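One structure is given below, encoded as structure tokens.
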Amino acid sequence: MSQAEENQATNKSGSRGTVVASLAALGSVIAASSCCLPLLPFLFAAGAAGTSAFVAQLRPYLLVLSVLLIAFGFYKSWRAKQCNCKPSRTSTFLLWFSAIVVFVFIFFPQMIANLVADLLAGRS
């Protein structure tokens, strides 16, 4: 074996050792942080808080959009009846169900929030 081949073989094993050492160090940092400081719940809570703050600003626009889409659904259902095309029972049920859900969410938001909080807390 020549000197160049020996150096190349040494470099490959050296780089492999470096990768293994880096992965071991990363694994030990992850293990230590999961033991001492549970990071994932904090990251999830921060992400959920940021998302809810963003969606809260969009709430009026989303409510208007949902009412317009429900109205469009009723219009399409009415147009289908005008053309002698009877909508299926499933689509009619889903349209009315979504209209009721949107109505409840618009007019009783605090009651829905309390219900969700009770369900998440384990109370019934």
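The values are calculated or read from the model by the stated rules, or taken from the named source; none is laboratory data. Worth saying up front: this structure is predicted, and the values here are computed from it rather than measured. Here the Cβ positions follow ideal geometry from the backbone for every residue, glycine too, while neighbour counts run over all protein chains shown.
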- Any pair with Cβ under 7 angstrom, 6 or more apart, that starts in segment 62-82 at a residue that is closer than 14 Å to residue 101 by Cβ and ends at one that is among the polar types (S, T, N, Q) and surrounded by 14 or more Cβ atoms within 10 Å (Cβ to Cβ): 70/98
- How many of the residues in segment 65-78 are farther than 13 Å from residue 91 by Cα, surrounded by 11 or more Cβ atoms within 10 Å (Cβ to Cβ) and out of contact with any helix residue (DSSP H, G or I) (no Cβ under 7 Å at 6 or more places or on another chain)? 3
- Message: Testing residue 84 on (1) at positive phi; (2) within 24 Å of the chain's Cα centre (by Cα), one condition comes back false. Which one is that?
- Response: (2)
- Item | segment 13-44, residues that are assigned to a helix (DSSP H, G or I), of a type in the set (A, V, I, L, M) and modelled with pLDDT under 75 | 29, 30, 31, 32, 39, 40, 43
- Message: It is to be established whether one or more residues within segment 84-91 are modelled with pLDDT of 90 or more, out of contact with any Phe, Trp or Tyr (no Cβ under 6 Å at 6 or more places or on another chain), outside any loop (DSSP other than H, G, I, E, B) and not basic (Lys, Arg).
- Response: yes
